[in-house]
Amino acid sequence: MLTTFLTIALLHWVVLVTPGVNFVLIAQLAAGSSRRAALAAVAGITSVTLLWASLAIMGMGAAFAAHPLWRQALQLAGGLYLCWLAWKLWRSPVAADRPVQAVTVGPGAAYRMGFVTNVFNPKTALFFGSVFATALPPSPSPWVLAAGVALVWCNAVLWHAFLALAFSHGRIQGAYRRWRHLFNRGAAVLLGAFGLRLLSVTARGQG
């Protein structure tokens, strides 16, 4: 059984440490707003991790594979949301005659950003479905299924909380305040690229 959990953990960590939308969102909030906001976004992101992992255990990944229109509709909404978020960031440079200040994002808004950003990614359910199908033994017991879901949730909490704490360090926040305009534009480009790619693969039916 140890091999099963090690396999799940390894496959999940490979995906976790690859920079993506969640990485950009947490870094932006931690450096530009507050540690509290970044950790609230972590709570939103990991709530969806728990949701998708649980649904994958119950066969949602197979449902998305069998009904690609469901997945594509959710991906379309996700791509549009990311493009909208990128547009907001792009349009928020600091005027030359105003002092540079951090943007304050409340915990509630940050939680919603993390939740919505992650929930519009049905590929997560497909990923967990494939991981569980690969690693779990035939006819696993309920406690093994619960332990697998708990494992990927703990992995997500540890990694994203680490990112929130690292990017909320005083030196990083100081650099952000000095170069906020460039950071915002860079984050906007990355989020926009993720959103456009999601829209592109959905339009081609490859999502």
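Structure summary
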read-out: Matching entry among Leu50, Leu82, Leu55 (being open to solvent by 60 Å² or more (accessible area, probe 1.4 Å) and either closer than 21 Å to Ala27 by Cα or at pLDDT 80 or above (or both)); value: Leu50
read-out: In region 20-41, the residues that are open to solvent by less than 30 Å² (accessible area, probe 1.4 Å) and either more than 20 Å from Ala125 (Cβ to Cβ) or of a type in the set (Lys, Arg) (or both); value: Val24, Ile26, Ala27, Leu29, Ala30, Ala31, Gly32, Ser33, Ala37, Ala38, Ala40, Ala41
read-out: Scan of region 114-123 for residues that are open to solvent by 20 Å² or more (accessible area, probe 1.4 Å) and of a type outside the set (Lys, Arg), ordered by number; value: Phe115, Val116, Val119, Phe120, Asn121
read-out: Condition broken by Pro107, with the remaining ones in (1) open to solvent by less than 40 Å² (accessible area, probe 1.4 Å); (2) modelled with pLDDT of 80 or more; (3) closer than 23 Å to Ser34 by Cα; (4) touching a helix residue (DSSP H, G or I) at 6+ places or on another chain (Cβ under 6 Å) satisfied; value: (1)
read-out: Identity of the residue in region 125-140, open to solvent by less than 30 Å² (accessible area, probe 1.4 Å) and under 21 Å from the mean Cα position of the chain (by Cα), that ends up modelled with the lowest pLDDT; value: Ala125
read-out: Among residues of region 169-201, those that are small (Gly, Ala, Ser) and over 10 Å from Trp90 (Cα atoms), counted; value: 6
read-out: Tabulated pairs, region 132-148, first more than 14 Å from Leu2 (Cβ to Cβ), second surrounded by fewer than 17 Cβ atoms within 10 Å (Cβ to Cβ) and among the hydroxyl-bearing types (Ser, Thr, Tyr), C-beta under 8 angstrom, 6+ apart or interchain; value: Thr134/Thr7
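The values are calculated or read from the model by the stated rules, or taken from the named source; none is laboratory data. Please read these numbers as outputs of a predicted model, since none were measured by experiment. So basically every Cβ, Gly included, is an ideal-geometry build from the backbone, and we count neighbours across all protein chains shown. The protein model used for the area step is the full one, side chains on, heavy atoms only, and it has no ligands, DNA or RNA in it. Shrake-Rupley method; radii C 1.70, N 1.55, O 1.52, S 1.80 Å.
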